[in-house]
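Taking it in order: structure first as structure tokens, then the write-up.
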Amino acid sequence: MQQQALDLEFEPNTDPLRRMLLEFIVGRPGGRMVEDLQQYTLLETVYRPSQVISLIEKMRDDKVVATEPRRVTKKTRVFPYAEKPGQGEISLG
């Protein structure tokens, strides 16, 4: 008898959490603290607060949000990503 390998995902799909957190972040001028995002995740979603930091890091790397400071901790402020004027523009110089 031959055994089959099963592909198991131990981490849930966090795309819905990503959308919810972005909406929550955008809803407040000046952004939100990671600690607030973890509290929101605990009380308003089926996800775990421990998933927030890695998700915020991915969102930052994807240029969906920005963080201050860059290192993400409970005290990090997260706000929607906005390109700086002139960034990414082609100079016709």
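The values are calculated or read from the model by the stated rules, or taken from the named source; none is laboratory data. None of these values were measured; they are calculated from a predicted model. Heads up, the Cβs are rebuilt from the backbone with ideal geometry, glycines too, and the neighbour counts pull from every protein chain shown.
The condition of being more than 10 Å from the chain's Cα centre (by Cα), at pLDDT 95 or above, of a type in the set (S, T, N, Q) and not in a helix (DSSP H, G or I) holds for THR73. Among the residues of the range 8-56, those identified as among the charged types (D, E, K, R), assigned to a helix (DSSP H, G or I) and crowded, with 16+ Cβ neighbours inside 10 Å are ARG18, ASP36.
For every residue, the table says whether it meets (1) touching a helix residue (DSSP H, G or I) at 6+ places or on another chain (Cβ under 8 Å); (2) closer than 17 Å to LYS58 by Cβ.
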residue	(1), (2)
GLN4	no, no
ASP15	no, yes
ARG18	yes, yes
LEU22	yes, yes
VAL26	no, no
PRO29	no, no
VAL34	yes, yes
GLN38	yes, yes
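Quick one: is ILE53 at pLDDT below 95, on the phi < 0 side of the Ramachandran plot and of a type in the set (Val, Ile, Thr)? No: the conditions fail for ILE53.
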